[in-house]
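One structure is given below, encoded as structure tokens.
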Amino acid sequence: MEAPLVRSFPTLSVLMTGFWVWISIRLMSRPQTYLWGDLLFGFSWTWLTGAIYWGWLRYEPIWHIPIEALGLPFAVWCLAKNWGKVGNWFYLGSLLGTVLTDIYFYLVDLMPYWRQIMRTDPSGASQILQNALTQVQTPWGQAWAIILALILMTVGTASLLNKQCHWYAFGGAVLSTILVDSLFLLAAVLA
């Protein structure tokens, strides 16, 4: 939902963060919905940073991690205060997944394609995706995909073994990276 909205209405997307925070605080005010509010609060950080990056800075991948990490000091502070564990661990899991995906893009030299695809119209995207897929299908690209997927799977499943809600949120966010990255790969294959 966020990606098309952010591209067309980045300011609205940033402002929607306030809506997500408002709902999360309302949910956190009741014991029976506190957990959902906590999770939504962490999601608000991923929404805000994603809206900023994908709304205005998506053309330059060097800014991706610094912008996505804007909530990191706040998340660490909240965790140090033992507040919002589920949401903040969700945010950290999402951030870890983003970092590992970007590492893959740098290692396999996909950043030039990122820049190109952000500047082209949809009709030109197919060839760019096919060129990027050629990089991914090299032994180097495949080896790093396997290594980073194993890291994500190990961290994600190990987190789920802790049987605590905040670790479930972290592990789920980390594992969802594999799903999202797989969807991007599928889009490139089908392009």
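Values quoted throughout were computed directly from the atomic coordinates according to the rules given, and no laboratory measurement underlies them. The shown structure was predicted, so the numbers you read here are calculated from the model rather than taken from an experiment.
Table for the structure above
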{"quantity": "Taking the convex hull of Cα positions in region 104-191, its mean projected area over all directions (nm²)", "calculated": "6.2 nm²"}
{"quantity": "Stretch gain in nm, segment residue 157-residue 138, where the contour uses 0.36 nm per residue and the Cα spacing is subtracted", "calculated": "4.0 nm"}
{"quantity": "Alpha carbon Rg of region 12-85, scaled by the compact-globule rule 2.2 N^0.38 Å", "calculated": "1.19"}
{"quantity": "Region 2-190 - Rg and Dmax from Cα coordinates, angstrom", "calculated": "17.5, 52"}
{"quantity": "At least 18 Å along the helix axis (C-alpha) and Kyte average at least 0.5, DSSP helices within the chain", "calculated": "10-28, 34-52, 85-107, 139-160, 165-190"}
